[in-house]
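Working notes, beginning with the structure itself.
The values are calculated or read from the model by the stated rules, or taken from the named source; none is laboratory data. Everything numeric in this text was worked out from a predicted model, so none of it was measured. Virtual Cβ from ideal backbone geometry, glycine too; neighbours counted across all protein chains shown. Note: areas computed on protein heavy atoms with side chains; ligands, DNA, RNA excluded. Shrake-Rupley method; radii C 1.70, N 1.55, O 1.52, S 1.80 Å.
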Amino acid sequence: MEPMAKEDIAPVGRIVPEGAAIKRRTRTAGNEPELDKEMVEAFTRRLCNLLDTEDFFGRYATLSSQEKIATLFLASPEDKNQSDFNCAVSPKVRLQVPLLFQAVAGVMEEKSGAIIQSAAEINGEGFGRALLYTGRIILVLKSLRAGFPFPFTSEDKAIRYGVACVEEGLAFLDKYNAMTALHGSFSLEG
């Protein structure tokens, strides 16, 4: 019987030296869709309100919303490179995850009128999940693997991700309400 694979063929693709961090692919600035200004404003306001609750002594009360997000929420590029290299989650990322999803839940509450709860957790290696729900309906479920897409180093990326989560949750809630309008929520159960 002959061997199934040829042993003299070189591996196809890029060979990464041991210990080198792999650079993630990024979007080019030209193909990003335009965001809803009202949604961006609501998300930024919610995020700043949550950051104000953690500023016990009011040290950052005089900062603008962009300065507040940059100072209290965003991670530094060095912190991002360090977490990419050793897969350890920094305290800044552990702060970012629940705050971002609490802000998303707050914006969804404003837009839908329903009570939205958030539960987000991330372990020391960067694995975790974020869950946004109302009653028995899971609206948004995000798995975090190696901390991705966290840590955010730019305000634009954080806002884009938050607004995308809000739109995903509201779209699912609208679809759920349309499907259960005639017979109620028990019509979807088996």
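Note that segment 58-130 presents 52 Å² accessible area per residue, ligands and nucleic acids not counted, probe 1.4 Å. Per residue, the convex hull around the alpha carbon atoms of segment 44-190 comes to 114 Å³.
Fully extending the segment from Tyr176 to Ala61, taken as 0.36 nm per residue of separation minus the present Cα-Cα distance, adds 37.4 nm.
Out of segment 87-190, which GluC sites (Glu not before Pro) are coil in DSSP terms and have no more than 11 other C-beta atoms within 10 Å? Passing both the DSSP loop test and the Cβ count: Glu189.
In percent, rounded to a whole number, the relative contact order of segment 35-98 is 24, using alpha-carbon pairs under 8 Å and six or more apart.
If packing is taken as the mean number of other Cβ atoms within 10 Å per residue, what is the order of 101-107, 49-55, 177-183, highest first? Walk me through the numbers before you get to the answer.
Working: 101-107: 24.9, 49-55: 14.0, 177-183: 10.4.
Output ranking for 101-107, 49-55, 177-183: 101-107, 49-55, 177-183.
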